[in-house]
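Q: Before I ask anything, here is the structure I am working with.
Quick note: the coordinates plus some simple rules give every number you see, no bench work behind them. If you're wondering where the values come from, they're calculated on a predicted model, not measured in any experiment. Every residue, glycine among them, receives a Cβ derived from its backbone with ideal geometry; neighbour counts consider all protein chains shown.
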Amino acid sequence: MTMETGGPLDDGGITPRTDPFVLFQEWLKEAESAEPNDPNAMALATADADGVPDVRMVLLKGADERGFVFYSNADSIKGAELAANPKAALNFHWKSLRKAVRVQGAVARVSDAEADAYFATRPKDSQIGAWASPQSRPMEGRFVFEKAIAEYAVKYALTKVPRPPYWTGWRVTPLRIEFWRDRPFRLHDRLVYTRATADAPWRTERLFP
């Protein structure tokens, strides 16, 4: 992957890398040693077919040159929105580090093999919960949910829990990644990577704070 610069990049701010995923992994590794809770947490913004925005917190489960991966229930609200409008934005905010990363791009489901492999790594209680919870639908009462959990726990007590057909993952393939770092007096660093398509070279530029 090559990088074309959109202007001079001085050495007084964030040090750019040819591949933005290299820089992201450096920042994520730093967050994993500094953030007390869920350093892989990210805000996921989607929109429905009418363009009405929606946002919630999810957990990043994979990041490489192909994109950023998360998992959930395809029948949930977010799943329906992604089916209708397969684009998304992400925001990582590591408050203790005073750093953030923003991502925009197209979204596609991961392969069944990828979803199966990740689902197999989840704790069994979480696997059972995926079967028991019709995510985002109205719940008559907590007892209904607990009863469903108990029933699936018995069903899979002595066997491996298969991945539900509606439980899957999505990959956000970025066309824009912005790295933000806090600086005194609100003179923040903003380094942006952009590309026209997923196969195009990255361009970089700095933005005024």
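Q: Please go through the range 62-86 and give me each residue that is of a type in the set (K, R) and under 25 Å from P201 (Cα atoms), ordered by number.
A: The answer is R66, and nothing else.
So that you can scan it fast, the table gives a plain yes or no per residue for (1) under 30 Å from K29 (Cα atoms); (2) touching a helix residue (DSSP H, G or I) at 6+ places or on another chain (Cβ under 7 Å); (3) not aromatic (F, W, Y):
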site: E140; (1), (2), (3): no, no, yes
site: Y152; (1), (2), (3): no, yes, no
site: V172; (1), (2), (3): yes, no, yes
site: P184; (1), (2), (3): yes, no, yes
site: L187; (1), (2), (3): yes, no, yes
site: E205; (1), (2), (3): yes, no, yes
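Q: Return only the number of the condition from (1) among the acidic types (D, E); (2) assigned to a helix (DSSP H, G or I); (3) out of contact with any Pro (no Cβ under 9 Å at 6 or more places or on another chain) that E140 does not satisfy.
A: (2)
Q: Looking only at the range 155-209, filter to residues that are closer than 27 Å to A113 by Cα and of a type in the set (K, R); which one of those is surrounded by the most Cβ atoms within 10 Å (Cβ to Cβ)?
A: Ranking the qualifying residues of the range 155-209, first place goes to R171.
Q: Here is a further query. Does any residue in the range 25-51 that is farther than 20 Å from A106 by Cα and in contact (Cβ under 8 Å) with a residue 24 or more places away in the chain come within less than 7 Å, Cβ to Cβ, of a residue that is among the aromatic types (F, W, Y) and in a helix (DSSP H, G or I) six or more places away or on a different chain, and which pairs are these?
A: Filtered contacts from the range 25-51: no entries.
Q: Tell me which strands (runs of 3 or more DSSP E) are completely within the range 157-209 and hold 1 or more residues being within 18 Å of the chain's Cα centre (by Cα), or say none if there are none.
A: Those strands (runs of 3 or more DSSP E) span 167-181, 189-194.
Q: In addition: So which residues in the range 126-154 are surrounded by 12 or more Cβ atoms within 10 Å (Cβ to Cβ) and acidic (D, E)?
A: E151
Q: Considering the range 193-209 alone, what residues qualify as being under 13 Å from P20 (Cβ atoms) and among the hydroxyl-bearing types (S, T, Y)?
A: Y193, T194, T204
Q: Could you run through the range 107-142 and say how many residues are more than 22 Å from R171 (Cα to Cα) and of a type in the set (G, A, S)?
A: Qualifying residue count for the region: 4.
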